[in-house]
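What follows is a short report on a single structure.
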Amino acid sequence: MEKVTSLASEKGVVLFSKSSCCMCYAVKILFQELRVTPMVHEIDQDPEGWEMEKALKRLGCNGPVPAIFIGGKLVGSTNEVMSLHLSGGLLPMLKPYQTLC
Amino acid sequence: MNSPTPQFVPSRLGIYEPIHQIGIWGENFKSNGNPNTSTSVIVEVDNKLENESETTSHEMLTASNNYKQEASKPIDKIQRRLAQNREAARKSRLRKKAYVQQLENSRLKLIQLEQELQRARQQGLYMGGVLEGSHIGFSGTVNSGIAAFEMEYGRWVDVQHRQICELRTALNAHISDIELRILVESGIGHYFELFRMKSTVAKADVFYVISGVWKTSAERFFSWIGGFRPSELLKVLVPQLDPLTEQQILEVCNLKQSCQQAEDALSQGMEKLQETVSSTVAGGPVDEVSYIPQVATAMEKLEALVSFVNQADHLRQETLQQMSRILTTRQAARGLLALGEYFHRLRALSTLWATRPPEPSLP
């Protein structure tokens, strides 16, 4: 759990993913479109991946991936990110972390 | 010494093989009435033993020395027999492997045939679905989840039709906003009900939902991950909603953009899934009879399709919810009417297309 929370606070936008997960890929594409480069952790390539998976599940991410943290706080999985985006709430949260290009 | 009881000699494999050669040799002695011949055989055998090369293993030599009548010949026979046994065992294993592969292939073929049968039945269902409102459930369907959905969807379309008529009447009659709000809520709730139904049947057969075979042909033409595109929905609604305030125009514009972005992300995710499944199925040598590992792995990857279908419906739901928030009650009622009427016309188009007169043949 500590690894997950410490990694989650390392950067403004953090995404826990699996390299084989296509939904995670979709979320990465969305962030790209929003000019944000999240710090991506592929937990299937991490030696402590299994513990990280359990930790994410305990935090409420059933996937357990994709799991998105903004400003160190858990936003949720694909559902939450999509709802937030359509309601207009995602962009304000991402504004400090958007690249200028 | 002449007794035919089997003795054991350690072979090179460490397996103790019975020597029946003693019996053979014993018989030779018996059959040869001529003592001179027997003696010469023994002499020959003894000579052979003395000329035994070092290639024979130490145990063999020791054992052979114990049984003077046996020369190198029985040891060769043992080795030959062992080799024959090994060969026979190997052939048996190969035959068994081939048989098992045949069984597995037959099993897969059976599954394929069952699926084709189900598809054919669904095609039969679709033909019934061309006539609007007559979505009849097929009691013989292999998948009961699909049969249940077919029936429920038929009812859903009927209720939808009734709701549209009620909205039209209500808007023309200029009823109060409170009463109109009730109609709007039930209209939106009705769409949410469809998403719930789709989620259930997607668990039973996700390909069924994605194929859109439960919809009419014109509706299917516009299908995106098992339903309508949220951005398409907005394109249909917005022109019907004039006049919109400046604030509303801005919010609708933002919703259009975020909708489009979310759709793009999901579309690309779907493409990635297609690539993944395709490369898994195509992988491995093609000259091998068995393709089970590839197909089995592909099965796992296809599980992701269910989450894409669910997420697409989630987008549709959120779009409707946001529009309901942005618009006034009256605008929302007009929007629902426009949307319902749009799908009603698409279904009519499907029916018309299916029943159009055949092309006149050229003279």
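In the condition set (1) within 23 Å of B:Val277 (Cα to Cα); (2) in contact with a strand residue (DSSP E or B) (Cβ under 7 Å, 6 or more places away or on another chain); (3) of a type in the set (Phe, Trp, Tyr), A:Tyr97 is compliant with all but (1).
For the range B:344-356, the criterion of being at the interface with chain A (Cβ under 10 Å from one of its Cβ atoms), of a type in the set (Phe, Trp, Tyr) and part of a helix (DSSP H, G or I) is satisfied by no residue at all.
For the range B:149-159, state whether one or more residues are assigned to a helix (DSSP H, G or I), closer than 14 Å to B:Arg316 by Cβ and of a type outside the set (Gly, Ala, Ser). Don't jump to the end; show me each part of the working.
To start, the set of residues in the range B:149-159 that are assigned to a helix (DSSP H, G or I) comprises B:149-159.
Okay, now just the ones that are also closer than 14 Å to B:Arg316 by Cβ, so none.
No, the conditions are met nowhere in the range B:149-159.
Of the residues making up the range B:260-306, just one is within 13 Å of chain A (Cβ to nearest Cβ), in contact with a Pro (Cβ under 8 Å, 6 or more places away or on another chain) and not aliphatic (A, V, I, L, M), namely B:Glu263. Those helices (runs of 4 or more DSSP H) of the range B:199-317 in which 3 or more residues are hydrophobic (A, V, I, L, M, F, W, C) and closer than 25 Å to A:Leu86 by Cβ occupy B:206-211, B:230-237, B:246-282. Identify, please: which residue in the range B:209-246 is more than 16 Å from B:Ala338 (Cβ to Cβ) and of a type in the set (Ser, Thr, Tyr) and is, among those, surrounded by the fewest Cβ atoms within 10 Å (Cβ to Cβ)? In this case the residue turns out to be B:Thr245. Looking at the range B:166-216 only, could you name the residues that are among the small types (Gly, Ala, Ser) and touching a residue at least 40 places away in the same chain (Cβ under 8 Å)? Once the filter is applied, which keeps residues that are among the small types (Gly, Ala, Ser) and touching a residue at least 40 places away in the same chain (Cβ under 8 Å), the range B:166-216 yields B:Ala170, B:Gly187, B:Ser199, B:Ala202, B:Ala204.
Given the criteria of a type in the set (A, V, I, L, M) and either over 25 Å from B:Thr297 (Cα atoms) or at pLDDT below 95 (or both), does A:Val27 qualify? Outline the logic, then answer.
Numbers: of a type in the set (A, V, I, L, M): yes; either over 25 Å from B:Thr297 (Cα atoms) or at pLDDT below 95 (or both): no.
Against the criterion (of a type in the set (A, V, I, L, M) and either over 25 Å from B:Thr297 (Cα atoms) or at pLDDT below 95 (or both)), A:Val27 does not qualify.
All of A:Lys57, A:Lys11 fail the test of being surrounded by 14 or more Cβ atoms within 10 Å (Cβ to Cβ), among the basic types (Lys, Arg) and either in contact with a strand residue (DSSP E or B) (Cβ under 9 Å, 6 or more places away or on another chain) or closer than 27 Å to B:Leu273 by Cβ (or both), apart from A:Lys11. Of the set (1) at pLDDT 95 or above; (2) away from chain A (no Cβ under 14 Å); (3) surrounded by 14 or more Cβ atoms within 10 Å (Cβ to Cβ), all apply to B:Phe195 but (2). Just the residues that are more than 22 Å from A:Tyr25 (Cα to Cα) and within 17 Å of the chain's Cα centre (by Cα), please, taken from the range B:285-318. Scanning the range B:285-318 gives B:Ser290, B:Tyr291, B:Ile292, B:Pro293, B:Gln294, B:Val295, B:Ala296.
Which fully enclosed helices (runs of 4 or more DSSP H) of chain A have 1 or more residues being more than 14 Å from chain B (Cβ to nearest Cβ)? Explain how you work it out, then say what you get.
Working: elements: A:2-8, A:22-33, A:49-58, A:78-86, A:90-94.
The qualifying helices (runs of 4 or more DSSP H) are A:2-8, A:49-58.
Quick check on the range B:236-243. Is at least one of its residues within 8 Å of another protein chain (Cβ to nearest Cβ), in contact with a helix residue (DSSP H, G or I) (Cβ under 9 Å, 6 or more places away or on another chain) and on the phi < 0 side of the Ramachandran plot? Looking through the range B:236-243, none of the residues is within 8 Å of another protein chain (Cβ to nearest Cβ), in contact with a helix residue (DSSP H, G or I) (Cβ under 9 Å, 6 or more places away or on another chain) and on the phi < 0 side of the Ramachandran plot.
The values are calculated or read from the model by the stated rules, or taken from the named source; none is laboratory data. Since the structure is predicted, the reported quantities are computational estimates derived from the model, not experimental observations. In this analysis, Cβ positions are derived from the backbone assuming ideal geometry, glycine residues included, and neighbour counts consider all displayed protein chains.
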